[in-house]
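> This is the structure I want to talk about, given as structure tokens.
The values are calculated or read from the model by the stated rules, or taken from the named source; none is laboratory data. All values derive from a computational prediction rather than experimental measurement. Virtual Cβ from ideal backbone geometry, glycine too; neighbours counted across all protein chains shown. These area figures cover heavy atoms from the full protein model, side chains too; ligands, DNA and RNA do not enter into them. Shrake-Rupley method; radii C 1.70, N 1.55, O 1.52, S 1.80 Å.
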Amino acid sequence: MDALTLKKMVAKAALQYVQPGTVLGVGTGSTVDCFIDALADSGIQLKGAVSSSIRSEKKLREIGVSIVDMNDVESLSVYVDGADEVDPANCLIKGGGGANTREKIVADISEKFVCIADQSKLVQVLGAFPLPVEVLPMACNAIARKLEALGGQVKPREGFTTDNGNIILDVAGLRITDPVSLEKEINHWPGVVTNGLFAIRKADVVLIATAEGIKTR
Ligand SMILES: O=C[C@H](O)[C@H](O)[C@H](O)COP(=O)(O)O
């Protein structure tokens, strides 16, 4: 089964968590694009959506979902988003599309974070996918040196600026056996906006598309 078919499958499966008439949290990425398409086909009527990126906002508007400013809601019952890697404890690496900061903000106010992924995203230990770290431009080299001291190989993402006007450093070569500690450590460095580890606020439910069907974890 090809990657797009798996993404469409898992996107459709996430519709069971969507409550009509509510404000839904919506993430970013190619799997979420499939989810927004599935939402359009489902005919489910939402009150609106809080989105984690300009890309998803645009797509949601195109299907007639109104965008709600996060400052106008206290909490969200459900947040649907993809991931770049998922470990056995449902800790994630996110930010392959550079949206990890807004994603972390929306996930934080959500009661249920439903992560949608295909089986290629499953790992035993996080870190094969380079960890994205959003940094303020003036801190780029200082933070890169600190990440290298942790044993990572750091590459600034070329020609890319986040929705918040910052830089992404992609950090390869980390074997992340304690994602909670690493998430806290990197986030404490001045100049880091957020890193792409979702371990402190991990997924509550992970839907995994496999050739045999959807698995729920
Ligand atoms: O910044 C992007 C997000 O964290 C995505 O959810 C993540 O990169 C997964 O994207 P995709 O569904 O395209 O693999």
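> Could you check the stretch 190-207 and list, in sequence order, the residues that are open to solvent by 10 Å² or more (accessible area, probe 1.4 Å) and part of a strand (DSSP E or B)?
V192, V193, T194, V205
> For the stretch 33-56, which positions are within 11 Å of the ligand (Cβ to nearest atom) and either without any contact (Cβ under 8 Å) to a residue 24 or more places away in the chain or assigned to a helix (DSSP H, G or I) (or both)?
Within the stretch 33-56, D33, C34, F35, R55, S56 meet the criteria.
> How about the stretch 89-106: which of its residues are more than 10 Å from the ligand (Cβ to nearest atom) and among the polar types (S, T, N, Q)?
N90
> Scanning the stretch 73-83 for residues that are more than 23 Å from A209 (Cβ to Cβ) and in contact with a strand residue (DSSP E or B) (Cβ under 9 Å, 6 or more places away or on another chain), which turns out surrounded by the fewest Cβ atoms within 10 Å (Cβ to Cβ)?
S75
> Would you mind finding the one in D84, D72, D118, D108 that is without any contact (Cβ under 8 Å) to a residue 12 or more places away in the chain, out of contact with any Asp or Glu (no Cβ under 8 Å at 6 or more places or on another chain) and among the acidic types (D, E)?
D72
> Another question about this same structure. Exactly one condition in (1) more than 10 Å from the ligand (Cβ to nearest atom); (2) open to solvent by 10 Å² or more (accessible area, probe 1.4 Å) is false for V86; which is it?
The single condition V86 does not satisfy is (2).
> Take the stretch 45-63 and flag every residue that is in contact with a helix residue (DSSP H, G or I) (Cβ under 8 Å, 6 or more places away or on another chain) and surrounded by fewer than 16 Cβ atoms within 10 Å (Cβ to Cβ).
I63
> Quick one: in the stretch 12-32, of everything that is free of Cβ contacts under 8 Å to residues at least 40 places away in the same chain and in a helix (DSSP H, G or I), which residue is surrounded by the fewest Cβ atoms within 10 Å (Cβ to Cβ)?
Across the stretch 12-32, the extreme among qualifying residues is Q16.
> Here's another thing I want to ask about it. Restrict the check to the stretch 104-123 and report whether at least one residue is over 20 Å from Y79 (Cβ atoms) and open to solvent by less than 40 Å² (accessible area, probe 1.4 Å).
Yes.
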